[in-house]
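K.L.:
A single structure is presented below for examination.
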Amino acid sequence: MTKLEYSNAAMADIERLVNFLMDVDLGAALDTFDIIDDGLHLLKRHPEVGRLVGTCMRELVISRGNTGYIAIYEFDRLVNVVVVLAIKHQREDPFS
């Protein structure tokens with residue numbers, strides 16, 4: 001099975017997305033973490049499921065009702081590791 005790792009930026013993104021909802025709806029904030037975590041764990045079994053973006057990165061859409069999240073990741077076949085680079089809400093500005 002493929003190993004799943006998170007960059008510091010991706011961890012900060014998850015924290016930002018959860019904290020955004022924390023004051024408004026604690027349940028939704030906790031659900032946010034679970035939804036993102038569940039979506040990313042798909043990559044352990046299917047590391048190439050995401051759409052190819054550029055030459056080496058992939059984009060995974062994680063559904064949440066009418067919206068969701070987008071994760072950018074790289075898959076290194078040689079060592080069988082997925083590294084999640086960034087995560088954002090679909091309604092946020094594009095990745096830079």
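K.L.:
Based on the mean of other beta carbon atoms within 10 Å per residue, what is the order of 4-10, 81-87, most packed first?
P.N.:
Ranked from most to least packed, the peptides come out as 81-87, 4-10.
K.L.:
For the range 62-96, run through the chymotrypsin sites (Phe, Trp or Tyr not before Pro) and keep only the ones in DSSP coil with at most 16 other Cβ atoms within 10 Å of their Cβ.
P.N.:
95
K.L.:
On to the next question. Here are several values of log10 I(q)/I(0) by the Debye sum over Cα atoms at q = 0.11, 0.22 Å⁻¹: [x] -0.26, -1.04; [y] -0.30, -1.14; [z] -0.44, -1.07. Which one was derived from the coordinates shown?
P.N.:
[y]
K.L.:
Compute the helix-to-body angle for 8-22: its Cα long axis versus the longest principal axis of the chain, expressed 0 to 90° and rounded to tens.
P.N.:
20
K.L.:
Still on this structure: If we sort 48-55, 33-40 on the protection proxy, mean other Cβ atoms within 10 Å, highest first, what's the order?
P.N.:
Final packing ranking: 33-40, 48-55.
K.L.:
Once both labels are modelled 7 Å past Cα along the beta-carbon direction, what's the residue 28-residue 8 spacing in nm?
P.N.:
Distance between the two pseudo-spin positions: 3.1 nm.
K.L.:
Taking amide H positions as placed in the peptide plane 1.01 Å from N, state which residues far from residue 53 in sequence (5 or more) or on other chains have amide H under 5 Å from it.
P.N.:
58, 59
K.L.:
Antiparallel as a % of all DSSP beta bridges within the chain, to the nearest 5?
P.N.:
85
Throughout, read-outs are computed from the coordinates displayed, never taken from laboratory work. In this text, all values refer to a predicted model and were calculated from it rather than measured experimentally. Heads up, the Cβs are rebuilt from the backbone with ideal geometry, glycines too, and the neighbour counts pull from every protein chain shown.
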